[in-house]
Amino acid sequence: MQNRPASPRSSGLWSRLPVIGRLLVAFWALVLAGGTTAALMLRHQTPPSTSVRTAQNKPAAPVAHPDTVATNHSTHQPVTVVQQTQGAPIPKSLPVTAPVPLTPEVKSPQMPPPIAQTPAVDLDSITASGKTALAIVLQGFGYSDAMTYDVLSRIPAPVAVGVSPYIGNLPDVLSRAHAAHREIFVTLPMQSAHPENVDEGPHALGNGNSEAEDRRELDWCLSRAQGATGLTDASEAGDSQPGGGYATTPGFHPIEDIIASHGLLYLSGSPQEDRHIRGMTATAWVNGDTDAATLDAKLATLLPEGPKPTHILLMVGPLTPVAIDRLATWLNGPAADRFILVPPSTLADKGATGEQASAQPKDIQTAPL
């Protein structure tokens, strides 16, 4: 028998499967392989932290209402106010539409302390030089802006100003005088010896007032005299106290004590007053409400020939344009070689009667009421 070649060995179960069976096995093999790969990828992936807020997870910013606008009172510029949306956090500060520089709060100007009440020069040195120490107070300062400017620009700074407490813009007047380094004397309204001729206003002290009323009126005047060098009983109308005025009576002494306790000087308009407070006494008056020729004549006789007084405290009032002009001319004229202009506080004494009497010139010019 002729030998036949052996038949090939069967390849196993796969070869015996029909075509449809082979396709099903291949399908499920792919499914298992894909699932295993996905599981491995998920296993090696880092899970996201729930404690960290990403930019995508941030809550939406609150939306500004377009009609809600306030005003920054420091800069007077509009500021958008943000209204809180439901569920949004409350902002700690209000966002503004643009960076706005804040300015400090504007406060009322505070009156500086009074001009120093210390003599700028030694009175003995002036006397030794043969000249007169001349102090001047211009009564009625502040009523007119034009005259205020003329005084501050044309009259030398040692010349002081007298101001009524009834002036409506008194703080501004005092500030302007301070800026020009002027001493200031605020009038203390008091009943005169002739009340029928002079009305001292609703806050006058003196005749007809009780002690409590006088203290109340004094408090009012002191509140108006903040920053002043002192008080005076003289007004732009002239000296109101000779011949029985309130300042010449013993009843005025408690008033002087209160004034002294405030550190203020007192300028007496009359040598007839028995002053018990540190201050000065006027020694000459010139009526400013007259013509240029009369003013020139009065100023020409202010410094007598021959022996001169050691000092003169001149009161000029009421203040007028012609008085300012003639005084400015006289202060810059030939007479300037005969005196040294000093602030009134330079002439202050302690209020002793003997000191006042020795300082008074023999010939005192007074301004009639």
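The values are calculated or read from the model by the stated rules, or taken from the named source; none is laboratory data. Being a predicted model, the structure only gives us computed values, none of them experimental. Quick reminder, even Gly has a Cβ in these numbers, built from the backbone with ideal geometry, and neighbours come from all protein chains shown. Side chains are part of the model used for accessible areas, which takes the heavy atoms of the whole protein and leaves out ligands, DNA and RNA. Shrake-Rupley method; radii C 1.70, N 1.55, O 1.52, S 1.80 Å.
Please pull out the direction-averaged projected area of the range 200-282, using the convex hull of its alpha-carbon atoms, in nm² to one decimal place.
Values: hull surface 20.7 nm².
Approximately 5.2 nm², given one-decimal rounding.
Once the piece of chain linking Asn207 and Ile258 is laid out straight, how much longer is it, given 0.36 nm per residue of separation minus the C-alpha distance between them?
Details: separation 51, 0.36 × 51 = 18.36 nm, distance 1.88 nm.
Length difference between fully extended and current span is 16.5 nm.
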Please work out the FRET efficiency for the pair Gln226 and Asp274, using the Cβ-Cβ distance as r and a Förster radius of 22 Å; give the result to the nearest 0.05. 0.20
Could you give the nm distance between label points at Ser144 and Ile20, where each point is 7 Å from its Cα heading toward the beta carbon? 13.0 nm
If I stretch the segment between Asp199 and Asn332 completely, what's the gain in nm (0.36 nm per residue apart, minus their alpha carbon distance), one decimal? 44.2 nm
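For Trp28, Trp285, write out the residues from largest to smallest accessible area, computed with a 1.4 angstrom probe and no ligands counted.
Values: Trp28 145, Trp285 10 Å².
In descending accessible area the options line up as Trp28, Trp285.
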